[in-house]
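The structure under discussion appears below in the form of C-alpha cells.
The values are calculated or read from the model by the stated rules, or taken from the named source; none is laboratory data. Model, not experiment: these values are computed from the prediction. Here Cβ is always computed from backbone atoms with ideal geometry, including for glycine, and neighbour counts include all displayed protein chains.
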Amino acid sequence: MKKRLAAAITTALVVGVASTTFAAANPFVDVPAKHWSYDAVTKLAQAGIVDGYGDGTFRGDKTITRYEMAQIVAKALAKSDQADASQKAAIDKLAVEYAAELNNLGVRVAKLEASQSNIKITGDARVRYTNLADDHDFQYRLILGLGANVNENTSFSGKIMTDGHRALGDSDEAAGEVNGVRDGLVVSEMALTTKNVLGTGSAVTVGRFSQKIGQTGYFLATTGQVDGIKAAFGNKVKVQAGFANFKNAINATYVNSTPTNQDYTIEDAAFVVADYSLSKATALNVSYLQEQSGDISDYKVYSVGTAAKFAPGFVFTGEYLKNVADRPATDAVDPYGYVAKINYKGANFAVKDTWGAAVEYFKFEKGVLTAGGDFATASIVNTANDKQGYALTANYALGKNMVITGVQTFNTKKVSDKSDMDEYTRVQIDYKF
C-alpha cells in the first residue's frame, strides 16, 4: 500500500512539474540542457536499451528537441522488456514526460497509462493570525485532497484535514474529543459521484461531501463533513437537492462560545439550491433548508441572492435570508439577515501580483442561520448571529499558488440593542500545491 501511494504521489508530482515547466504544444522546442531527460537517456544508452540516432550513437552533449527525445524514448519503450526495474522506472518517467510527442508519433503508451494510478493528490495549507477581543491566535490548517475516476461514470473525492483551524503550538493528537472540543485529523470528504443516473442526466453524490447553500456562503458553506446524499440536475436552471446530516460540519462547539448551547447545530436537514444565469453578467440563487428533527425544527430558512458585474472589475454580491421556523422566545420572530458586498477584481492563485479588495455590510438577527466558511465575517457572525457591521477584505498573490488575505471588521454592533461589539482581525496566507 505504501509503495502504491508513493508511486501515485511520484507520478502526480512528475506530471504536474512536467506539464507546468515544459509545454508540449510545440514538439520542436529544445529540451533544456540541464533537463533530467538527458541523464536518464544517457544511462539507458550505456545499458544498451537505446541506441540513440540512426548511426548508433547518442550525442549527450548536443541539445535536442522534444520531438527527437520522443523518438529515443519510443525506442526505449520497444526494448523495455530487456530493462531491469530501475531502467523500467526511468523509461516510464520519460514516457510520462513525452506522452504528447509519443502520441503524435503514433506510439501508444496504453500499457503505461493502465499501470499508473489515476489518483490525483492536491494540497491546501494555511497559516493565519486572528484577533477578537484581544484574544490573539496563530493558527494553521492543512487539507490533502484526493480525487480519482472509478469508471467512466463514477468519480471519487476525498479530503483529509486538520479538524478546523489548530493553534500553533498544540500537540497533534489523534482525532477525538477533549472537554467537548474535537481535535486531530478528520476525513472531511469521502464521496462517490455518479453521472447520468438511470439515463436521467442527473449526477448523484453519496457519502461525506462539502456543501454550499446560498449565493455568498453566509447561509451555509462547509469544508466537508456533510453526511448524506444529493442530486444535481438541470441545464438553464442548475439545481442541487439532497438530504444530509450537518452535525459534524456545523457544530455548536464552533458556532457558539458555549458548547452546551445546541440551538445553532443542524442535524438531519433537507435542502434545495437553484442557480440561474439571468445574463452573462448577472446570476441568481434561490436556496432553502429545513431541519428534520422530530416534531421540532429550529431551521426553515430560505434565501435569495445575486451576483452582478456592473463595471469592469467590479461585482456586486448580495443575499437575503429568513428563518420561518418556530424559534425560542429569546430569538426574534422569523429572524432575517442580509449581506451586501462590492468586490473589485481578486487575487488569482495562478498569477503572481494579482490582487483584489472588497467592502461589505452585514446584518443578522439572532436565530437566523449563518454558517459561512472562509467568508469575511464568518467567525463573528456565526457566534450567535445578532450582529451588524462592516468588513474590509484585501488579497494579493505573493507568487504562484500563494495568496495573502487580510480582513478587518469595524462598527460592529448587536442588532437587538445596538451595543458595541468586539472587532475581528484576520491575516492569513494560503498555499496550494
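Structure notes:
- Some residue of the stretch 41-58 being within 29 Å of residue 122 (Cβ to Cβ), surrounded by 12 or more Cβ atoms within 10 Å (Cβ to Cβ), at pLDDT 60 or above and more than 31 Å from the chain's Cα centre (by Cα): no
- Neighbours by Cβ (under 8 Å, 6+ apart or cross-chain): first from the stretch 298-324, on the phi > 0 side of the Ramachandran plot; second assigned to a strand (DSSP E or B): 313/344; 313/345
Here's the yes/no breakdown for (1) at pLDDT below 90; (2) in contact with a helix residue (DSSP H, G or I) (Cβ under 9 Å, 6 or more places away or on another chain):
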position: 373; (1), (2): yes, no
position: 380; (1), (2): yes, no
position: 387; (1), (2): yes, yes
position: 401; (1), (2): no, no
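- A single member of 200, 223, 205 is closer than 28 Å to residue 284 by Cβ, modelled with pLDDT under 90, surrounded by 12 or more Cβ atoms within 10 Å (Cβ to Cβ) and polar (S, T, N, Q), and it is 223.
- The set of residues in the stretch 407-433 being part of a strand (DSSP E or B) and buried (at least 17 other Cβ atoms within 10 Å of the Cβ) consists of 407, 409, 412, 424, 426, 428, 430.
- Of everything in the stretch 87-130 that is closer than 30 Å to residue 166 by Cβ, among the charged types (D, E, K, R) and out of contact with any Asp or Glu (no Cβ under 8 Å at 6 or more places or on another chain), the residue that is modelled with the lowest pLDDT is 120.
- Within the option set 152, 173, being modelled with pLDDT of 75 or more, in a loop (DSSP other than H, G, I, E, B) and exposed (fewer than 15 other Cβ atoms within 10 Å of the Cβ) holds for one residue only, 152.
- Members of the stretch 147-165 that are under 19 Å from the mean Cα position of the chain (by Cα), among the aliphatic types (A, V, I, L, M) and closer than 15 Å to residue 205 by Cα: 148
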